[in-house]
Structures are given as structure tokens and as C-alpha cells.
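Undergrad: Take this structure, written in C-alpha cells, and hold onto it; I'll ask about it next.
The values are calculated or read from the model by the stated rules, or taken from the named source; none is laboratory data. Predicted model, so just to flag it, every value in this text is computed and none were measured. Because the Cβ atoms are built from the backbone with ideal geometry, glycine has one as well, and the counts that use them run over all protein chains shown. We work out accessible area using only protein heavy atoms, side chains counted, and drop any ligands, DNA or RNA first. Shrake-Rupley method; radii C 1.70, N 1.55, O 1.52, S 1.80 Å.
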Amino acid sequence: MLPSGAWGKRKPQGQRLGGCRVITLSTMWARKEGLHHPHPHAVVRCPSSSSSSVSCSGDSEDEDMGFLEVSVTDIKPPAPELGPMPDGLSPQQVVRRHILGSIVQSEGSYVESLKRVLQDYRNPLMEMEPKVLSARKCQVVFFRVREILHCHSMFQIALSSRVAEWDSTEKIGDLFVASFSKSMVLDVYSDYVNNFTNAMSIIKKACLTKPAFLEFLKRRQVCSPDRVTLYGLMVKPIQRFPQFILLLQDMLKNTPRGHPDRLSLQLALTELETLAEKLNEQKRLADQVAEIQQLTKSVSDRSSLNKLLTSGQRQLLLCETLTETVYGDRGQLIKSKERRVFLLNDMLVCANINFKGQLEISSLVPLGPKYVVKWNTALPQVQVVEVGQEGGSYDKDHVLIQHAGSKKASAAGQAQNKVYFGPPRLFQELQDLQKDLAVVEQITLLISTLHGTYQNLNMTVAQDWCLALQRLMRVKEEEIHSANKCRLRLLLPGKPDKSGRPISFMVVFITPNPLSKISWVNRLHLAKIGLREENQPGWRCPDEDKKSKAPFWCPTLACCIPAFSSRGLNLQLGALVHSPVSCPLLGFSAVSTSLPQGYLWVGGGQEGAGGQVEIFSLNRPSPRTVKSFSLAAPVFCMEYIPEPEEGGSGDGDRDGDDSRAAPDPSAAVHPTICLGLQDGSILIYSSVDTGTQCLATCRSPGLQPVLCLRHSPYHLFAGLQDGTLAAYPRTSGDVPWDLESPPVCLTVGPGPIRTLLSLEDTVWASCGPRVTVLDATSLQTQQSFEAHQDEAVSVTHMVKAGSGVWMAFSSGSSIRLFHTETLEHLQEINIATRTTFLLPGQKHLCVTSLLICQGLLWVGTDQGVIVLLPVPRLEGIPKITGKGMVSLNGHCGPVTFLAVATSILALDILRSDQEEAEGPRAEEDKPDGQAPEPAPTPSSHVGRELTRKKGILLQYRLRSTAHLPGPLLSVREPAPADGSALEHTEEDGSIYEMADDPDVWVRSRPCARDAHRKEICSVAIISGGRGYRNFGSASGVGGRPAPCGETDSTLLIWQMPLLTL
């Protein structure tokens, strides 16, 4: 077993060399076996050496950068091996043994691959005379491979010990925690990942310039038993942690509650996910810097663009290879060429792609492009124009349009008759059909006035004409919609003409797939919002200087609106929910840029003056009030309840589900919204539309104020002021809950029930400092525990993520994390330490709201400050490891609530023309190794292959592997007939998947169960409180005029980039 402090802390025989810690590999095994070797294999870690990058410019041959090899041993530790399976094992124990075997087998294969990199490639290249690759370049190419091998050799030794005692202990999670939670692992993997692009670049150049090196690689590949290329071997470290995560997920699924290994497995998942996320962020930043540097090389040193790019204030938000197309006035394609388009935080840059060299080596390593800047423009001046929307995007009376590639400028008003970009005259043809339909309808009216009967001139024929024209219009509308899917039309500013009249020119790019088009439109929209004064900056890290940029995952403040239209009443906020109702009338760009589709229900009121509900529509970039109605008492809480068959918060396809036949009456129940009032009333409204039809109402037992509402598949729970939990059972019919019969009442405690939390099979109810756990079906109390030691403190908020629950309290600035199964207190975070730089004189801070969404924990305080903390997203423990970010936009008073609005974009928007033609099973019928979107091969489309991204996308898609037999697959290639081919096939997607992106270097095979991965989720976060305050300005109010007063109830809405599910 590997002790928790083994990484970087074991010393061989008490030795210490020059202040460096010595890590032994074989001594651990040798001592266990009673052996001793005078020359153990060790690595010395020098604390003073912490460089995370390597360069080709120096002459030093020390590639270890703080890791010094002492000596090498001939003793090899035994490979981990499971013994024969004992009798009497349960089915879960059998599965766990098989998963452990997969872990052992995959780790052995991984270690062997690392050894092959060193033994088959690095060592021969270092010893070769004459050298085909200098020693300095070899150091860069194989940077940190040896250290990674050392780490996993130690892990393999500890794994061997754990496997030997598996049948008696059945524990593996703590081994992963001890092995991969140390900074040494992050250091070596970070160095390797950040250097990977540089290493591949050196290999590529050597293949182009040194035939002997290319021949060496060919020979090594032909001699290998599995035909894996050097690139296929070196990409394995980047894939390793997603593999571990999948295997541990499977192990966790087959580990019952109460098992001693369950909590350790959850903690191990947390450590591995955190490590992978850190590597992903570091690689993203490294790739961003590399792309900007590559772009800067193509710009003159004296140009203004060069100064902007080298200022260090530019962030690369999106970068992709798009195809620019130019069409003639008759719709004919004049020309098309691939461009590299860069979206920076304040400008858009388009560059030509130039590359000279042999194309046949592109199968060995991705080839990097060279850029020549074609144009650049400030971001606020860029407009997205959809087909059929030309007239409303600009002032057509004062702007001339010059289409890219054409020599003549035309007035904007003339552009309606000639569609230069996109399908020929599609919109004009649609307008012609509309005019013809109007004429035919008039003819139909005239025919109806005829007194005689005439052949082919009767109402039946006239109605057939109308139906035929309507069908043609639908076809034309679908063609326009399809044209918009992959065509990104941008209107850019140009130089004025001789008369001083402004000229704009339009550029059309063809994106690789509809998802790419949506991403571009969405990121352009958010980048423009990010340039507003309140978002410059919008977030700040507590320990960083004011010039530091917020991470890419920080959302953008989209708008600040008054919560109630009746400002004079001084209404107080109570609660907010989002009803995700899709709007089929929205255009392509509107869907990509608008807030999550649906409606916001905002409830509140005033003591003695009744309550009020305001409904906002989110089907446009700016929310607008669509309805407001009054109630007898203030609203304290609200709960959105989706359709029973949805099992979630709803999606955009719900409208199509209404026509489905449902065997059970409850399946026909529409989504509803429940309101809890101060006077004890519980109201249920239909949320299908804004008609605000009240379906049912009841009074709580004893007319106690309803403080909180939560629902489960079986009950609607209401937490009351006197400590009673009222449970209303689900029923069939239009109303989903039985409000007429008396509810089941449970006494939780003497004080008010401040918050409820519904989990899979339990319900948590807080009363004072204690939390009671109830069975969601039988309503029997399972456990009760004390969340805070002070009896005067109450639990006010509970949110769940993974296998943990974060809690906030009525006093104090700390939040606490509890395990959902053992109820163990796992972590405590003091929020006040994150806000001291904003509120230097404020010592007392209280948490007033909590929300977890998309791996981010939102914390609202009584001072109006909002703190954002990243947490793991998987089934592990949602521990907080980073410092997080603090919003510079907040409220003048306490943050009353934090709520999330989400909606799923319709799947038909994401289907390309080819996918629509092939049908829903097209992906399943594609050959192995082919990506869902058509990705050209080097022989058929050279340009795309030459412009692959510099770097590896580490974001991973997690799929189950428990049902997969056999060993993990590697990058294998069939043996070529002549033994000269260097191409390798892609990784098998049935094991894991790196990303669904045509520019990612390592793609995996699509499979049937991955069909849902193209769902796009729109997410917005809403905070409610008194007024608006900008903490970044001295006065507290930003440069933009606030639409609300300091005492008005205000909503702040943050928009996040579209998420791929």
C-alpha cells in the first residue's frame, strides 16, 4: 500500500542530496520482499526548480528541470495480478473485481507505452551517430516522459500491493487519492501537456527536413507489434486521466452505500476531475498564447495591430478555420478559400492560411499553419446578418454594401433584389410566393362569387392552388433555415467612399457544422456584452491584481432590470423560478444570442399590502414584462414542477410531447408552478403559457406561513413556520397534487423549517441548526444530525452537487459541506476572506443565498456581494480547491435569491443538411473512426488538415465502460502492404471520448448511445436584491445609468456561453 505522503517524501535509506528529496521506486518493493539492492532507481526532486516549460533555444541538456536521475536498477517489481476468484461473491463484487482487472490491465499497458517511448525512440535517437535529431531537441520532444513513468511506476507498485489484498479489503479509492492528489503529479503532467504542441512541431519539422529521421519513424512503426505511431504513444498521457475517471465511475456505480471504499472512491473522482480541469485550463491558456504569438508573427512590427496583440490585454475567445465564399448575383459560386478567424475579447481578425512543405507527413503529426492577416475590425462594429434579415441590420439609406470579392459597391436598398451570399434569391423567392398567395386568395374570393359552374374554375381548384403555394412556402422557409445553419454572414465596416458615405462590406463564412455557427454567433454576442463598462472587469480574483483577466468560465452580466413594474409600492422580493417554454418563432441568431427561452416568474410583496407576481419573457436578448397579477399575501417561495415524464427541468421539445398518447393519466399533466404565501396559501398555476390559470389552491395546516416548497416524484413538500412539514401526495388529472385532502403532517422541530432539499430517495428538512433526513416515499425519519454547534443558528440554504450538500446559516460567513450518505462534515469555507478586498472595513458578513450550476457554486451575501467558486461536476465530493472569483456587480442590500434559467436548443437546429438527408441513424451507419460531422481526409481536402488546432483539447466526455468486455484499446493501425504508411486510426470511442470537435487531434468513434451529446444548453443566472451596485467604481455605480434605484427590487442576469451536453 502506498502511504498518503509517499509522493515526493520517501527517502531511500535516509539519504538526502543537496537539499533535494529522493523518491525511490524499487526500494519499497524490495524491502517488502526482504531484498536489498545497492543501486535503487530514484528520482531527486529539487524544490528550487519549478519551471513548467522548456525551450529549444538553449544549449543545456538537462531536461529534468529539477528531476535528477540517480541510478537504475535491474530489479523489476512484480506486475499486479489478481488471484483466482473466491466462491460466494455477490454480483457487485464480481463486477468490482472485473473493473479492478481493467484498472490493472490499462495501467500496465500505459506504463509499457511510456517505456516504449523511451526505449524505442528517445534512447536510440540520443545514441544514434550521426544524430538525426540533436540532443537538445530530443530533450524537448520527450520532456517529462521519464518523470511521468516514474510516477506511474510507483503507483503500479502500490497497486500491486492493493491487488494482493483485494479479497480481504476491497479498497482502491484511497490509493488514487494518495497517488494523484500531490502537486508533483500536477507539475509533471502540466509540463508535458503544455510542451506537447512544441514537441509535435519539432517532430514535424524534422520529418520535413531530415529524411533519415522520417525513415527512422517508419522503421520503428513497422517493427512495433501494434503499428502505433510515435504520436499515438505520446498522446496517451493526455488521455490517461479521463480513462481513470471512467473506470472509477464504474467502480462507484457497483459499490453499495455503506461500503468502506465508497467515500474514498468519491474523493478519488474529485481529485482526478480537479487535476484534469487544472490541466485543461493550463492547456487552454498555453494554446491561447501560442495562437496569438503565431498571429503576431504575421503582422508588421510597426503596425497598430501588432501593438494591440503584444500588449498582453487580449484574450482569445474562439479560433477556428472557416471557409469564406463569394457568390454572384445569380447565385453562382465565384470562389471559396479557407481562412483562420480569431475572435479576441475586443476585435475580430481574419487571416489567410499559408503552408509550404510535404503533405504526406500530416498523418504522423498535425501540421501547423502560417498566417497572413487579411483584415481586422473592432468588435462593436461587427454585425451578424441572417438570410432574409438584411434590411433590419443597418441603416440602408446611409450605408453602401460592398460584398467581399466584388469590385462594386451597391446601395443597401438594392441588396434586397440580389442575394450575393448564400443560396440564390431564396428570400426573394419566398417573398414572391407570399405575393402570389395573396393574389390567389383574392382570386379564390372572386371565384366564390361566380353564379355558374365552369370546368377548372371552381372553389376546389382554387383551394388546391392555395395549398400548393403554402407547401412551396414551407419548403422555401426550410431552405432559408438550412442556409442559415452553417453560413455565418458578417457585416463589417469599410472605408468611406469619395463622397464620405460609409461603406460596409459583407463576408460569408461556411462553418464546419451548425454547432460551430451557433458558437460563433453566441460568443460574438457575449464578447460585445463583455465590452460594456460594468463588465470591464466584471469579476476579480481575491489575490490577483486589478489587471488580471477573469477566467473564461466566468459569466457575463447581460442586463439589470427592475423586478416589479409597480415601483411605487416598494415591493420586497420573495422568490423566482424559470419556466422553460420554447418559442418556435425565434430565428437562428435569436436562439443563439437570447437568454434561455421561457418565462421568469418573480414573486414578492409587502407586509399588509398583499403580494405580486411579475412574469418576464426571455425570448429576446433583453427580458420584458408580459404579465403581472396581484395576490392576497406576499409570496415567500416558488417551485417549478415539470411534466412527470420529463424527470428534469424541461426542455425545448416539450411542445411536441403534448400529442403523444399516454397510457397513464398523470403523463398528460402540464408543467406547473407552485406558490407559497405568507397567509398559508399554496397556489398551483399552469406554466404552459402566460395565461396564469390557477389550477388549485389550499391553505396550510393552522394557516402557517409557507416558507419553502420542494417536490419529489411522490409528494409536494411545504415547510411551515411552526416546524411542520406538510406532504401533499401526487395524483392523476389536471392538478398534479392532491390539495383537497388533508396533507401528511410531520413535526420536524420547534422552530421554522427554513429550507428543504429533495434528493433521489430522501428529503432533507432544516429546523434550527439540525437537519432531518426523511424517506421520500414512506416519509419516515431516517437520520437527524447537527449541522451547526450553535443552537441559535439556523440552516437557511442547502444545495446539492455530486455526493455532497453545501449549507449556509442564518449568521456567520461560513458555508459547510456534508456528505449525502454518511452525513460527515467534509469542508468549511469562510466567504468573508474572499470579499475583504471589496469590503475592507466590513468584519461581519452573512451568506443569504446559495446556488450550484454547471460546476460553479454561487454565494450571495448580505452586503450585496456575489462570490463564485468552482466545484467538481461528477459523482464525487464537491470540494472547493480554488480561490474563486468575486463579482464587481452586485446589489445595494442582501442578495435575496440566486436562481438558474436553462433551456435546451431544439435538436433540429443542430442537424446538418447531410444528417437530415441520411436520417436519424446516419451516425450509427458510419464507418469506425469517422467523426459525426464530415471531416475531410488529407487526400481529399488538404487545407483542413493543414490547419488543425495547435494543442489538445483536454475536455472529456464521460461514458460508462462497465459493460465493455476485454482490455482497453489503443491507437492501432493495420499493417500496410509496403510497410511505408505512417497513418494511424483514431481511438476507439467505446472506451472514452475526448471531444466532438473536428479540429481536435484525437477523435473517437461515434456510437449509438452518444446521440444526445449534441444538445446545446443555454444558461443564465439571476440574482435578486435591493438596487444595483458596482463595487469596482469609487462611487459604487458604474458609468452606465442604472435602470433601478438603490431601494428598488432589482434583478441582475448573467449569461453564460452555450454549453454542449
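Undergrad: Give me the pairs: first residue in the stretch 660-685 and closer than 25 Å to residue 574 by Cα, second residue modelled with pLDDT under 90 and among the acidic types (Asp, Glu), beta-carbon distance under 7 Å, and six or more apart or on different chains, which are they?
TA: From the stretch 660-685, the pairs are 670/643; 671/643.
Undergrad: Can I ask one more? Listed residues 805, 793; which is surrounded by fewer than 23 Cβ atoms within 10 Å (Cβ to Cβ) and either of a type in the set (Val, Ile, Thr) or under 30 Å from residue 870 (Cα atoms) (or both)? Talk me through it step by step, then tell me what you get.
TA: Values: 805 fails: surrounded by fewer than 23 Cβ atoms within 10 Å (Cβ to Cβ).
Just a single option satisfies the conditions, and that option is 793.
Undergrad: Then there's this: Run down 568, 608 and say which single residue is at positive phi and either outside any strand (DSSP E or B) or at pLDDT below 85 (or both).
TA: Within the list 568, 608, the selection yields 608.
Residue-by-condition table, conditions (1) in contact with a Gly (Cβ under 9 Å, 6 or more places away or on another chain); (2) within 30 Å of residue 85 (Cβ to Cβ); (3) open to solvent by less than 10 Å² (accessible area, probe 1.4 Å); (4) among the acidic types (Asp, Glu):
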residue: 158; (1), (2), (3), (4): no, yes, yes, no
residue: 161; (1), (2), (3), (4): no, yes, no, no
residue: 176; (1), (2), (3), (4): no, yes, yes, no
residue: 191; (1), (2), (3), (4): no, no, yes, yes
residue: 198; (1), (2), (3), (4): no, no, no, no
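Undergrad: Something else about it: With the requirement that a residue be more than 26 Å from the chain's Cα centre (by Cα) and either in a helix (DSSP H, G or I) or of a type in the set (Gly, Ala, Ser) (or both), what does the stretch 225-237 give you?
TA: Listed by number, the residues that qualify are 230, 231, 232, 233, 234.
Undergrad: Could you run through the stretch 238-268 and say how many residues are under 26 Å from residue 193 (Cβ atoms) and either outside any helix (DSSP H, G or I) or not hydrophobic (A, V, I, L, M, F, W, C) (or both)?
TA: Selection size over the stretch 238-268: 7.
Undergrad: Only residues in the stretch 136-149 that are in contact (Cβ under 8 Å) with a residue 24 or more places away in the chain count as the first member; pair them with residues that are among the acidic types (Asp, Glu), Cβ under 6 angstrom, at least 6 apart or cross-chain, and list the lot.
TA: These pairs meet every condition: 139/63; 143/63; 144/191.
Undergrad: Continuing with this model, one more query. From the residues in the stretch 200-241 that are polar (S, T, N, Q) and farther than 17 Å from residue 119 by Cα, which one is most open to solvent (accessible area, probe 1.4 Å)? Outline the logic, then answer.
TA: Initial filter on the stretch 200-241 (polar (S, T, N, Q)): 201, 209, 221, 224, 229, 239.
With the extra rule that they be farther than 17 Å from residue 119 by Cα, the set shrinks to 201, 209, 239.
Numbers: 201: 34, 209: 100, 239: 4 Å².
Across the stretch 200-241, the extreme among qualifying residues is 209.
Undergrad: Do we have residue 483 as crowded, with 21+ Cβ neighbours inside 10 Å and modelled with pLDDT of 90 or more here?
TA: No.
Undergrad: Could you tell me whether residue 838 is open to solvent by 10 Å² or more (accessible area, probe 1.4 Å), in contact with a Gly (Cβ under 7 Å, 6 or more places away or on another chain), over 25 Å from residue 575 (Cα atoms) and among the hydrophobic types (A, V, I, L, M, F, W, C)?
TA: Here the answer is no, as residue 838 does not meet what is asked.
Undergrad: For the condition open to solvent by 30 Å² or more (accessible area, probe 1.4 Å), of a type in the set (D, E, K, R) and assigned to a strand (DSSP E or B), what is the one hit in 337, 307?
TA: On inspection, the qualifying residue turns out to be 337.
Undergrad: Here's something else I'd like to know. Which residue pairs have Cβ atoms under 8 Å apart, sit 6 or more places apart or on different chains, and have a first residue in the stretch 253-281 that is among the basic types (Lys, Arg) and a second that is part of a loop (DSSP other than H, G, I, E, B)?
TA: Listed pairs, sorted by first residue: 253/960; 253/962; 257/821; 262/255; 262/256; 262/821.
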